[in-house]
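Written below as structure tokens is the structure these notes are about.
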Amino acid sequence: MADEQMATPVPSLASGERPPARPLDDIDRSILRMLQCDGRASIRSVAERVHVSRANAYARINRLIDDGVIRGFSARVDEERAGQGASAYITLKIVQNSWRTVREKLRELPGASHIALVSGDFDVLLLVHTRDNRALRELVLTRIQAIEEVLSTRTLLVFEETDLKSERL
């Protein structure tokens, strides 16, 4: 955040412990939308945009961080321009009750961007970005399918992506 940097670290919560959720009001939601579009927005610009004082904006952002609503700040990367020209969603069927083990192994994969435990015809949805289709094939065939708990995979190539968060302001 440009003019008054948010140096407050995101609290690390002990093994799955979460603070009680506080209800968000319209101002909190506006702040979240703004920061999702521009995590570098200054406190001044946030305050002006949502019509509160800088002190109020600062306090609200810190509360959202402390409550675990904001988990951190990061850059949105254009994967293709960053040399990751191939993207795919990979669905996995896994051995029952192996989610935590599989999740930890998937976290270690190069290019893994998002992992979700889901319901339906498959158990896990994994988003990956790789240099090219050859690297994608190697990732699927030699790394993912080698995980003992993975029963099957299906790869869905991504032809085009649209980042909705950057369009919402």
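The values are calculated or read from the model by the stated rules, or taken from the named source; none is laboratory data. Because the structure is predicted, anything quoted here is derived from the model rather than measured. Here Cβ is always computed from backbone atoms with ideal geometry, including for glycine, and neighbour counts include all displayed protein chains. Note: areas computed on protein heavy atoms with side chains; ligands, DNA, RNA excluded. Shrake-Rupley method; radii C 1.70, N 1.55, O 1.52, S 1.80 Å.
Annotations
- Mean projection of the Cα convex hull over all viewing directions, computed for the chain: 11.8 nm².
- Using θ = phi - 60° and Karplus 6.51 cos²θ - 1.76 cosθ + 1.60, couplings along segment 130-142 (whole Hz; Gly, Pro as x): 10, 4, 7, 5, 4, 5, 4, 4, 4, 4, 5, 6, 9
- 3J(HN,Hα) couplings calculated from phi for segment 79-85 with the Karplus curve 6.51 cos²θ - 1.76 cosθ + 1.60 (θ = phi - 60°) are, in sequence order, 4, 5, 5, 8, x, 10, x Hz; Gly and Pro show x.
- The alpha-carbon positions of segment 67-165 define a convex hull whose volume is 129 Å³ per residue.
- Amide H contacts under 5 Å for residue 123, placed H, 5+ residues apart: 92, 93, 94
- Each 5 Å bin from zero up to the one holding the largest Cα-Cα distance in segment 35-105 carries the following percent of pairs: 3, 12, 14, 13, 11, 12, 12, 11, 7, 3, 1.
- When 114, 51 are compared by accessible surface with a 1.4 Å probe, the order from highest to lowest is 51, 114.
- Helix 54-66 and the longest principal axis of the C-alpha atoms of the chain enclose an angle of approximately 30°.
- Among 154, 71, the order of accessible area from largest down is 71, 154, computed with a 1.4 Å probe on protein heavy atoms.
- Extension gain (nm, one decimal) between residue 55 and residue 145, 0.36 nm per residue minus Cα-Cα: 27.2 nm
- Averaging the sequence gap over all C-alpha pairs within less than 8 Å and six or more residues apart, then dividing by the number of residues, gives the chain a relative contact order of 24 percent.
- Whole-percent carbon and sulfur share, accessible surface of the chain, 1.4 Å: 46
- Annotation for segment 97-145: trypsin sites (Lys or Arg not before Pro) lying in DSSP loop with at most 12 further Cβ atoms inside 10 Å of their Cβ do not exist.
- 98, 53, reordered so the largest accessible area comes first (probe 1.4 Å): 53, 98
- Computed over the chain, the per-residue total of -39500 (n - 2.57) for DSSP H runs of n ≥ 4 gives a 222 nm mean residue ellipticity of -8000 deg cm²/dmol, rounded to 500.
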